[in-house]
Amino acid sequence: MTTGHAGFSETGTTWIGHRRGTGGYTLIQLAMFIAGVATFAQLYAPQAVLPQIAGGFGVSTAESALMISAGTLGLALAVVPWSLVADRIGRKRAMSIAIVAATLLAFVTLAMPNFELAIIVRFFEGCALGGVPAVAMAYLNEEVHKKDAAAAVGTFIAGNTIGGLSGRIISGPLAEATGSWQFGVLAVAILSAIASVLFILLAPRPSGFQPLSQISIGESVATTLRNAWHHLHDPVLVSLYVQPFLLMGGFVAIYNYLGFHLSAPPFLLPVWVSSMVFLAYLAGSVSSPFAGRIAGRHGRKLVMIVCDLVAIASLLLMLIPNLWAIIVGLVLMTAAFFGSHSTASGWAGAWPTEGRAQSTALYNLLYYVGSSVFGYVGGVFYQQWGWDALVYLVAGLFGSGMLVGILVLPRKPRPAQP
């Protein structure tokens with residue numbers, strides 16, 4: 001069956017999704033790219049200024065990383081509740097509320113007088129931000145034709161990388177220039193506010209899902225829990241959920257402590273210069289949609305395994321005590337990570353025939369739990385045993401994720417339909 005007008009079948013009664021090249025597809029891509037920017041610029045803006053946060057609040061290296069871990073933990077705990085909210089009020093409305101609330105909380109964080117209060121507000125900011133990744137994959141898989149869904153997810157992940165990059169390279173140099181980490185993070189909050197407005201204006205009205213507002217809250221909760229329970233008994237989905245826990249945990253650990261490593265001997269780089277290494281995120285904005293297209297032709301499993309192998313090799317390159325070796329390794333590791341992540345996250349949304357919002361929520365739950373746990377644990381490794389120990393830890397996490405994928409994931413991207 002071919003696509004008719006505005007994503008409907010030729011009969012005009014069945015929604016089959018926007019196809020690449022149509023106006024609806026372009027608007028969805030642009031809106032979700034912007035949503036990714038708004039979300040992840042806020043989430044990771046403090047990462048480039050962790051040394052200044054540590055000095056300003058008088059906390060340790062590992063404790064300063066709680067500014068990141070608190071946000072990611074809040075996000076992790078909120079993704080399943082947000083999937084329930086999205087089922088009741090609609091995908092776009094849920095994401096719009098989430099982005100606006102998070103942006104307001106970003107401004108509140110900057111007004112906190114001590115480290116403990118700042119951490120608490122960052123946790124709630126993360127809770128608000130959870131509404132975007134919790135819903136995005138389900139929204140894309142419902143609104144975009146199945147043949148173009150993998151590429152659409154890749155573009156959303158590219159927005160995530162640009163957001164993460166912009167948050168870091170804006171906050172770091174501005175904080176260095178002004179002597180205040182708050183000023184750098186403020187600039188990112190303003191950028192996110194603008195992006196939030198653009199998302200609300202550009203995102204098309206959903207056509208592939210009708211909110212379940214006629215169902216009682218009790219029934220909605222029961223449906224959400226039932227779907228989540230079913231997903232957690234599916235070996236394919238469980239293996240997909242393991243991927244972000246391990247890979248994102250290692251990825252964030254590298255980026256959390258790279259600034260400390262580069263500001264110490266033998267490199268002794270100033271904060272604004274070390275912030276520029278976050279330009280490596282651009283590699284992820286390229287690899288994410290590319291991996292999505294390749295996965296659509298050659299299978300998701302192959303793409304994930306190849307990306308994991310490249311990431312491990314890149315991490316080992318970063319053991320060389322040379323700035324260029326570290327930069328090249330970081331670029332390759334970033335590209336490989338986002339290639340694997342965009343493939344796995346799209347698969348987690350596409351595999352189940354029911355409860356897709358809950359599946360993507362569970363994926364993101366493990367994604368950010370891994371970020372919170374290993375983002376902190378990596379600091380302990382770095383403080384106790386140095387950079388090499390941290391790199392070996394992360395390489396082990398990537399290797400474990402790859403092994404699970406090899407042993408459990410099927411070659412076919414979707415289950416056979418009866």
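Do we have any residue at all in region 76-94 that's in a helix (DSSP H, G or I), free of Cβ contacts under 8 Å to residues at least 40 places away in the same chain and closer than 18 Å to ASN160 by Cα? Looking through region 76-94, none of the residues is in a helix (DSSP H, G or I), free of Cβ contacts under 8 Å to residues at least 40 places away in the same chain and closer than 18 Å to ASN160 by Cα.
Identify all residues within region 83-122 that are hydroxyl-bearing (Ser, Thr, Tyr) and either surrounded by fewer than 19 Cβ atoms within 10 Å (Cβ to Cβ) or farther than 21 Å from SER372 by Cβ (or both); write none if there are none. Reasoning before the result, please.
Initial filter on region 83-122 (hydroxyl-bearing (Ser, Thr, Tyr)): 83, 96, 103, 109.
Hits for region 83-122 are SER96, THR103.
Are there any pairs with C-beta distances below 7 angstrom linking a residue in region 103-124 that is without any contact (Cβ under 8 Å) to a residue 40 or more places away in the chain to a residue that is among the hydroxyl-bearing types (Ser, Thr, Tyr), with the two at least 6 apart or on different chains, and if so which? Partner pairs satisfying both residue conditions: VAL121/THR109.
No other residue among VAL369, VAL373, VAL306, VAL277 is closer than 24 Å to THR39 by Cα and over 17 Å from the mean Cα position of the chain (by Cα) apart from VAL277. Can we say GLY355 is among the small types (Gly, Ala, Ser) and at pLDDT below 95? Yes, satisfied. Across region 42-63, which residue is farthest from GLY375 (Cα to Cα) among those that are polar (S, T, N, Q) and crowded, with 24+ Cβ neighbours inside 10 Å? Across region 42-63, the extreme among qualifying residues is GLN42. Of the residues PRO413, PRO418, only one is modelled with pLDDT under 95, closer than 21 Å to GLY299 by Cβ and assigned to a loop (DSSP other than H, G, I, E, B); which? The conditions single out PRO413.
Here TRP181 meets the list (1) aromatic (Phe, Trp, Tyr); (2) surrounded by 20 or more Cβ atoms within 10 Å (Cβ to Cβ); (3) over 16 Å from GLN52 (Cβ atoms) almost entirely, failing just condition (3). The set of residues in region 29-62 being touching a residue at least 40 places away in the same chain (Cβ under 8 Å), of a type outside the set (Ser, Thr, Tyr), part of a helix (DSSP H, G or I) and more than 30 Å from ALA149 (Cα to Cα) consists of PRO46, GLN47, ALA48, VAL49, LEU50, PRO51, GLN52, ILE53, GLY56, PHE57, ALA62.
Of all the numbered requirements in (1) out of contact with any Lys or Arg (no Cβ under 7 Å at 6 or more places or on another chain); (2) surrounded by 21 or more Cβ atoms within 10 Å (Cβ to Cβ), ILE327 misses one, and that requirement is (2). Residue count for region 262-304, restricted to those that are in a helix (DSSP H, G or I), surrounded by fewer than 19 Cβ atoms within 10 Å (Cβ to Cβ) and either of a type outside the set (Val, Ile, Thr) or at pLDDT 90 or above (or both): 10. Going residue by residue through region 378-401, is there one that turns out to be crowded, with 24+ Cβ neighbours inside 10 Å, modelled with pLDDT of 90 or more, in a helix (DSSP H, G or I) and of a type in the set (Asp, Glu)? No, region 378-401 contains no residue that is crowded, with 24+ Cβ neighbours inside 10 Å, modelled with pLDDT of 90 or more, in a helix (DSSP H, G or I) and of a type in the set (Asp, Glu). Within region 149-173, residues that are assigned to a helix (DSSP H, G or I) reach partners that are of a type in the set (Lys, Arg) with beta carbons closer than 9 Å, at six or more positions or on different chains, in the pairs ALA150/ARG293; ALA150/ARG300; ALA151/ARG20; ALA151/ARG293; ALA152/ARG20; GLY154/ARG293.
Of all the residues that make up region 63-85, how many are touching a helix residue (DSSP H, G or I) at 6+ places or on another chain (Cβ under 6 Å) and modelled with pLDDT of 85 or more?
Residues in region 63-85 being touching a helix residue (DSSP H, G or I) at 6+ places or on another chain (Cβ under 6 Å) and modelled with pLDDT of 85 or more: 16 in total.
Answer with yes or no whether LEU258 is at pLDDT below 90, under 28 Å from ALA70 (Cβ atoms) and out of contact with any Gly (no Cβ under 6 Å at 6 or more places or on another chain). Spelling it out, it is not the case that LEU258 is at pLDDT below 90, under 28 Å from ALA70 (Cβ atoms) and out of contact with any Gly (no Cβ under 6 Å at 6 or more places or on another chain). Just one of (1) free of Cβ contacts under 8 Å to residues at least 24 places away in the same chain; (2) over 26 Å from GLY131 (Cβ atoms) fails for LEU225. It is (2).
Determine whether region 126-141 contains at least one residue that is touching a helix residue (DSSP H, G or I) at 6+ places or on another chain (Cβ under 8 Å), in a helix (DSSP H, G or I), free of Cβ contacts under 8 Å to residues at least 24 places away in the same chain and over 15 Å from VAL37 (Cα atoms).
Step one: of region 126-141, the residues touching a helix residue (DSSP H, G or I) at 6+ places or on another chain (Cβ under 8 Å) are 126-141.
Now drop any that are not in a helix (DSSP H, G or I), which leaves 126-129, 131-141.
Retained after the next criterion (residues that are free of Cβ contacts under 8 Å to residues at least 24 places away in the same chain): none.
Within region 126-141, not a single residue is touching a helix residue (DSSP H, G or I) at 6+ places or on another chain (Cβ under 8 Å), in a helix (DSSP H, G or I), free of Cβ contacts under 8 Å to residues at least 24 places away in the same chain and over 15 Å from VAL37 (Cα atoms).
The values are calculated or read from the model by the stated rules, or taken from the named source; none is laboratory data. In this text the structure is predicted, and so the values were computed from the model without any measurement. Cβ: placed from backbone, ideal geometry, glycine included. Neighbour counts: every protein chain shown.
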